[in-house]
Amino acid sequence: MPLDQRHRFRPLASCRLLVALALLVILVAGLGGRVATGAQDATPAGTAVAGLGPNQLIAIDALPAVMPRAEGPIAVAASIGLVTDMVLQVAGERAVVTTVLPANADPHDFEPTPQDVVAVEDAAVIFLYGLNLDQWATSLVESSGTEVAPVAIASGFETLASDEEGFELGDPHAWFDPRNVKVMVDNIAAALTAHDPAGAADYQARATAYQAQLDQLDAAIEARLGTVPPENRKLVTNHDAFGYYAARYGLEVVGTVIPSLDTRAEPSAREIADLVDVIERERVPAIFAENTTSPQLAEQLADQTGVRVIDTLYTDSLGEPGSGADTYLGLMQFDTVAIADALSAGA
């Protein structure tokens with residue numbers, strides 16, 4: 001059930017319509033390039049670190065070791081990297097996971113290839129995200145001919161309500177609240193146990209340990225964002241992905257460049273002009289762009305309003321290995337440090 005009706009950015013009167021039309025042309029031109037598709041073999045994450053780096057809030061201890069399966073690891077297919085990472089945290093070496101969506105690719109705007117079909121049809125367990133974020137994955141599973149019923153992990157918690165077409169089940173970006181990820185981890189552990197009862201104790205032990213890390217992450221994010229002056233806790237982002245994050249940690253999303261939960265939507269000239277007004281009226285410290293969408297329009301808006309663009313956030317997709325955002329824990333820490341630093345600098 002939805003938590004509540006999300007506040008949406010509504011058009012206001014503006015005298016900047018001509019400027020907005022020019023910016024809109026830039027946005028449409030910038031959306032032409034999309035990251036190449038293709039399956040990737042994921043590698044386990046969650047190893048111990050010696051200390052905290054510049055984008056870390058918590059030390060990540062190694063999860064409990066698992067007993068290898070005598071018959072070999074389970075072949076698992078996962079729709080997106082966020083799902084892959086969560087599965088590996090629970091399964092450890094008892095599974096080998098193939099990810100359909102490449103790093104830095106946009107799950108809203110993805111077209112699987114024939115080799116992605118092969119990855120799915122060879123899998124013994126298939127994990128999707130759900131909530132219409134990876135709707136293409138449902139079609140992929142159907143076309144593969146597999147008899148394996150896919151498991152959508154994003155269920156069992158309340159979603160932020162949405163009146164947007166295609167998202168009647170709620171805002172899909174639920175991982176931006178670690179408490180929801182704890183539920184997803186339980187769903188993954190249950191599905192793995194159903195397929196591999198002999199590993200039940202291992203799955204439960206790793207799930208419990210990982211959930212403790214999620215609690216630690218949640219507290220660390222709250223503490224870090226608590227240092228941002230209250231008058232600066234305002235977000236303008238490329239698309240509407242930070243609703244859960246804002247609701248959990250006391251921020252306010254005052255506007256989005258793409259006024260939608262879906263990156264494929266395009267803003268009207270009027271909406272762009274109105275966003276310029278909001279940025280100036282609310283004295284927004286920064287505009288946040290992300291790894292799956294073009295930052296061009298955000299940069300043009302920044303030029304018009306005099307605010308900075310932070311174009312390093314990770315939202316709907318994990319980053320490349322070594323990026324610091326190649327795991328869920330890494331993504332959340334990386335984004336939090338970038339957001340807190342930018343908002344605090346605007347004080």
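The values are calculated or read from the model by the stated rules, or taken from the named source; none is laboratory data. In this text, all values refer to a predicted model and were calculated from it rather than measured experimentally. Virtual Cβ from ideal backbone geometry, glycine too; neighbours counted across all protein chains shown. Just the protein is used for accessible areas: all its heavy atoms, side chains included, with ligands, DNA and RNA removed. Shrake-Rupley method; radii C 1.70, N 1.55, O 1.52, S 1.80 Å.
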Convex hull volume of the range 112-235 per residue (C-alpha atoms, cubic angstrom): 141
Take each of the peptides 138-145, 97-104, average the number of other beta-carbon atoms within 10 Å over its residues, and list them starting from the highest. 97-104, 138-145
Accessible surface, per residue, of the range 157-258 when the full set of protein chains is kept, probe 1.4 Å, Å²: 35
Would you report the distance distribution of C-alpha pairs in the range 197-295 as whole percents per 5 angstrom bin, up to the bin with the largest distance? 2, 11, 17, 18, 14, 11, 9, 7, 5, 3, 2, 1
In whole percent, how big is the carbon plus sulfur part of the accessible area of the range 73-183, probe 1.4 Å, protein atoms only? 49
Which length gain, in nm to one decimal place, applies between GLU168 and GLU111 when the Cα-Cα distance is subtracted from 0.36 nm times their residue separation? 18.3 nm
Sort largest first and round to whole Å: the equivalent ellipsoid semi-axes of the range 263-347, each the square root of five times a Cα gyration tensor eigenvalue. 25, 16, 9
Sorted by accessible area (1.4 Å probe), largest first, how do SER323, SER317 line up? SER323, SER317
Accessible area in the full protein assembly, largest first, 1.4 Å probe, for GLU165, GLU299, GLU111: GLU165, GLU111, GLU299
Got a sec? What order do GLU147, GLU222 fall in by accessible area at 1.4 Å, biggest, i.e. largest, first? GLU147, GLU222
How high is the relative contact order of the range 199-322, in percent, with contacts defined as C-alpha pairs under 8 Å that are six or more residues apart? 20
